[in-house]
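Asks: Take a look at this one; I'll ask things after.
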């Protein structure tokens, strides 16, 4: 019974409407099995420009759920670009990825003629370049709490190796920890993103402020989603974006 309830909750979150009034959308890799939708909203002033990914790994539904929730925001200042279901097929199967796709989080900067993972990564890069993104956030989940198990990244903010990313990450950790009571569940200021990830490429190679947010799967889906939203909203505000 508990498994059934969990599945229904996940389905509910992953089917929330995305793209409220003021949002436009288009497809990446249209007319292919790997097509996924991009949502864009621009305020009265179009800068800063922030790109948020969810669903890079299909067994990490909280990131996709939070990304979809972001599509309900009204953007007053800046341009917010959301790709809620980067690896849509893996999300449908609730697995990290499919063998025929590969790991998008190791495929950057991608290759438009390569594996499906490389093609998806290249498509994300094209969105980044098209909009002149200034801040990049990738939402993930890990097995457990980093404070209890150093082999897990759960409850950490990974940041690109540049000063802006480090400063924003420190402030984001402090902000999100204000809504978390238990000490072992609090976020930590993590290390740098793994080579091949989007945050690594956009941060280390292109110099952007770039982050991977990792929540712990040992929390309810609603709580993981809430924590993702708290971190992202703090980063949006730090970058000068206004949303409501």
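The values are calculated or read from the model by the stated rules, or taken from the named source; none is laboratory data. Keep in mind it's a predicted model, so treat the numbers as computed, not measured. Cβ placement follows ideal geometry from the backbone for every residue including glycine, while neighbour counts extend to all protein chains displayed.
Asks: Got a number for residues in the range 35-58 being in contact (Cβ under 8 Å) with a residue 60 or more places away in the chain, surrounded by fewer than 20 Cβ atoms within 10 Å (Cβ to Cβ) and not in a strand (DSSP E or B)?
Replies: Residues flagged as in contact (Cβ under 8 Å) with a residue 60 or more places away in the chain, surrounded by fewer than 20 Cβ atoms within 10 Å (Cβ to Cβ) and not in a strand (DSSP E or B) within the range 35-58 amount to 1.
Asks: Of all residues in the range 158-193, how many are part of a helix (DSSP H, G or I) and farther than 16 Å from residue 233 by Cα? I'd like the intermediate steps shown before the answer.
Replies: Residues of the range 158-193 that are part of a helix (DSSP H, G or I), as a first pass: 163-177, 183-185.
Still in the list and also farther than 16 Å from residue 233 by Cα: 163-164, 166, 183-185.
The number of residues fulfilling the criteria is 6.
Asks: Give all pairs with beta carbons closer than 6 Å in which a residue from the range 114-130 that is at negative phi and in contact (Cβ under 8 Å) with a residue 40 or more places away in the chain meets a residue that is assigned to a helix (DSSP H, G or I) and crowded, with 20+ Cβ neighbours inside 10 Å; count only pairs at least 6 apart in sequence or on separate chains.
Replies: What qualifies is 120/104; 121/104.
Asks: When only residues in the range 84-104 that are out of contact with any helix residue (DSSP H, G or I) (no Cβ under 7 Å at 6 or more places or on another chain) and in contact (Cβ under 8 Å) with a residue 12 or more places away in the chain count, which is nearest to residue 244 (Cα to Cα)?
Replies: Filtering first and then ranking leaves 88.
Asks: Right, something else. Failed condition for residue 135, given (1) farther than 17 Å from residue 38 by Cβ; (2) in contact (Cβ under 8 Å) with a residue 12 or more places away in the chain; (3) in contact with a helix residue (DSSP H, G or I) (Cβ under 7 Å, 6 or more places away or on another chain), with all others met?
Replies: In the conditions (1) farther than 17 Å from residue 38 by Cβ; (2) in contact (Cβ under 8 Å) with a residue 12 or more places away in the chain; (3) in contact with a helix residue (DSSP H, G or I) (Cβ under 7 Å, 6 or more places away or on another chain), residue 135 misses (1) alone.
Asks: Scanning for something over 25 Å from residue 225 (Cβ atoms), surrounded by fewer than 22 Cβ atoms within 10 Å (Cβ to Cβ), touching a strand residue (DSSP E or B) at 6+ places or on another chain (Cβ under 8 Å) and modelled with pLDDT of 95 or more, does the range 165-176 turn up at least one residue?
Replies: Yes - at least one qualifying residue is present in the range 165-176.
Asks: Now, a different point. I'm trying to understand the selection: among the residues of the range 146-156, which are touching a helix residue (DSSP H, G or I) at 6+ places or on another chain (Cβ under 7 Å) and surrounded by 24 or more Cβ atoms within 10 Å (Cβ to Cβ)?
Replies: Just the residues of the range 146-156 that are touching a helix residue (DSSP H, G or I) at 6+ places or on another chain (Cβ under 7 Å), to begin with: 147-148, 155.
The one that is touching a helix residue (DSSP H, G or I) at 6+ places or on another chain (Cβ under 7 Å) and surrounded by 24 or more Cβ atoms within 10 Å (Cβ to Cβ): 155.
Asks: Another one. Consider residue 80 against the criteria (1) in contact with a strand residue (DSSP E or B) (Cβ under 7 Å, 6 or more places away or on another chain); (2) under 23 Å from residue 49 (Cβ atoms); (3) surrounded by fewer than 20 Cβ atoms within 10 Å (Cβ to Cβ): it satisfies all of them except one. Which criterion is unmet?
Replies: Of everything listed in (1) in contact with a strand residue (DSSP E or B) (Cβ under 7 Å, 6 or more places away or on another chain); (2) under 23 Å from residue 49 (Cβ atoms); (3) surrounded by fewer than 20 Cβ atoms within 10 Å (Cβ to Cβ), residue 80 misses just condition (3).
Asks: For the range 1-29, name all the residues that are surrounded by 11 or more Cβ atoms within 10 Å (Cβ to Cβ) and at pLDDT 70 or above.
Replies: Correct list: 18, 22, 23, 25, 27, 28, 29.
Asks: Taking the condition of being part of a helix (DSSP H, G or I) and either touching a residue at least 60 places away in the same chain (Cβ under 8 Å) or closer than 20 Å to residue 161 by Cβ (or both), how many residues in the range 228-244 meet it?
Replies: 8
Asks: Is at least one residue of the range 105-120 in a helix (DSSP H, G or I) and touching a helix residue (DSSP H, G or I) at 6+ places or on another chain (Cβ under 6 Å)?
Replies: There is at least one residue in the range 105-120 that is in a helix (DSSP H, G or I) and touching a helix residue (DSSP H, G or I) at 6+ places or on another chain (Cβ under 6 Å).
Asks: Being more than 21 Å from residue 83 (Cβ to Cβ), at pLDDT 95 or above and assigned to a strand (DSSP E or B), is that true of even one residue in the range 127-147? Full working, then the answer.
Replies: First, pick out the residues of the range 127-147 that are more than 21 Å from residue 83 (Cβ to Cβ): 143-147.
From the residues that got through so far, the ones that are at pLDDT 95 or above too are 143-147.
Going one step further and asking which of them are assigned to a strand (DSSP E or B), we end up with none.
No, the range 127-147 has no match at all.
Asks: Here are some conditions: (1) farther than 25 Å from residue 102 by Cα; (2) in contact (Cβ under 8 Å) with a residue 12 or more places away in the chain; (3) outside any loop (DSSP other than H, G, I, E, B). Residue 212 meets all but one. Which one does it not meet?
Replies: Looking at each condition in turn, residue 212 falls short on (1).
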